[in-house]
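Read through the structure below, which is laid out as structure tokens, and then see the notes.
The values are calculated or read from the model by the stated rules, or taken from the named source; none is laboratory data. Fair warning: this is a prediction, and the values are worked out from it, not measured in the lab. Positions of Cβ are backbone-derived with ideal geometry, glycine not excepted, and every protein chain shown enters the neighbour counts. Ligands, DNA and RNA are excluded from the accessible area calculation, which covers all protein heavy atoms including side chains. Shrake-Rupley method; radii C 1.70, N 1.55, O 1.52, S 1.80 Å.
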2 protein chains.
Amino acid sequence: MSTLPTSIKTEEENAKIVGLLKEKGLSVTLPRKLILALLIKEHGPFSAEDIFKKLPKNACDQATIYRCLNQFIETQLVTSAYLEKDMAHFEFNDPHHHHHHIICKICKKIDSFHDCILDKIESTLVKKGYKDIQHRLEFFGVCGSCQKS
Amino acid sequence: MSTLPTSIKTEEENAKIVGLLKEKGLSVTLPRKLILALLIKEHGPFSAEDIFKKLPKNACDQATIYRCLNQFIETQLVTSAYLEKDMAHFEFNDPHHHHHHIICKICKKIDSFHDCILDKIESTLVKKGYKDIQHRLEFFGVCGSCQKS
DNA sequence: TTATTTTTGCAAACTACTTGCAAAAGCTCC
DNA sequence: GGAGCTTTTGCAAGTAGTTTGCAAAAATAA
Ligand SMILES: [Mn+2]
Ligand SMILES: [Mn+2]
Ligand SMILES: [Zn+2]
Ligand SMILES: [Zn+2]
């Protein structure tokens with residue numbers, strides 16, 4: 001029986017997390033395991049501060065959380081969004097559960113849905129009772145000239 | 001012949017800008033006119049710093065630019081997006097030219113297109129030569145319970 | 001284990017953005 | 001146009017999310 005960090009309960013869970021990290025070429029460290037385990041277990045999106053508060057006390061430094069999240073973004077283990085002004089939110093990037101969010105402009109409650117066609121989504125949201133709906137959609141990719149260099 | 005700020009060239013342009021501000025219940029001040037005129041003339045998206053640099057020297061303070069942009073967002077005269085990490089970008093919200101952006105992950109060049117269906121957009125982008133495409137889509141609205149209060 | 005590389009914690013720095021306050025500009029009504 | 005009231009601006013200081021330099025600690029490789 002190997003030693004596991006408190007918040008990772010089973011060997012399978014541990015194996016999954018270690019597998020994901022290694023797959024992406026990241027070394028297996030305790031902070032990385034804890035953060036990834038948290039994001040897999042609890043569905044976000046979470047701010048860096050949310051994550052810090054949810055981790056066991058003194059589990060790791062805030063700077064480490066930011067460093068890990070940036071590595072997870074680069075390796076596409078997590079996705080980020082700017083749902084509120086000036087603060088990024090993160091969640092585990094489960095390719096089988098691609099979805100999007102709607103945040104209330106007033107109370108900031110975050111809801112999610114799995115549709116991915118704009119018209120369909122907007123009518124889904126109207127049915128859910130939302131008013132004054134706007135969306136923000138951005139694409140990111142590598143352009144032709146950057147692929148050459 | 002009334003006095004116009006240097007960067008607003010014609011009476012029509014001036015009238016349009018004044019009209020837009022009044023329509024939204026905003027008083028007509030020089031900084032607001034200059035910023036809005038710039039965003040209408042040059043197609044963004046621009047960061048607050050971009051705007052500051054593009055305005056005539058000492059035209060207005062950075063704080064004023066942020067204040068104006070926030071008012072323009074609230075009144076939906078402009079839209080904002082987080083195309084790069086930690087920095088908002090703004091552009092004039094022309095309802096007849098609704099469009100979205102793609103930014104190269106490497107060189108940060110921003111391209112735009114007018115399609116608004118995800119599958120169609122992605123294939124348009126592939127034809128344009130982009131690789132490794134991701135998107136980020138968020139909706140914002142007022143939820144049912146907030147409409148009551 | 002030992003040597004090498006990577007990551008972490010800590011504290012300080014950075015930067016986009018906001019805010020308090022007094023002066024200036026805009027608006028309203030005469 | 002001018003008086004009086006309201007709103008906005010410039011300035012400087014402050015805030016908050018995020019990053020970074022460095023030495024110690026942990027992970028990986030041999
Ligand atoms: Mn989600
Ligand atoms: Mn645009
Ligand atoms: Zn709400
Ligand atoms: Zn590029």
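Tabulated data
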item: Extreme residue, nearest to ligand 2 (Cβ to nearest atom), among residues of region B:110-124 that are at pLDDT below 85 and open to solvent by 50 Å² or more (accessible area, probe 1.4 Å); result: B:H114
item: Residue check, B:K127 open to solvent by 80 Å² or more (accessible area, probe 1.4 Å) and under 27 Å from A:H89 (Cα atoms); result: no
item: Selection status of A:I110, in contact (Cβ under 8 Å) with a residue 60 or more places away in the chain and either closer than 22 Å to B:L125 by Cα or not aromatic (F, W, Y) (or both); result: yes
item: Yes/no for A:E49 being among the acidic types (D, E), closer than 24 Å to B:A81 by Cα and surrounded by fewer than 17 Cβ atoms within 10 Å (Cβ to Cβ); result: yes
item: Verdict on B:S145 being outside any strand (DSSP E or B), facing chain A (nearest Cβ under 8 Å) and open to solvent by 40 Å² or more (accessible area, probe 1.4 Å); result: yes
item: Matching option when the condition is within 16 Å of ligand 2 (Cβ to nearest atom) and either of a type outside the set (F, W, Y) or under 26 Å from B:M87 (Cα atoms) (or both), among B:L38, B:L21, B:L34, B:L26; result: B:L38
item: Which numbered condition B:I40 misses (of (1) among the β-branched types (V, I, T); (2) without any contact (Cβ under 8 Å) to a residue 40 or more places away in the chain; (3) away from DNA strand D (no atom under 14 Å from the Cβ)); result: (2)
item: Residue among B:C68, B:C104 that alone is open to solvent by less than 10 Å² (accessible area, probe 1.4 Å) and under 24 Å from A:G141 (Cα atoms); result: B:C104
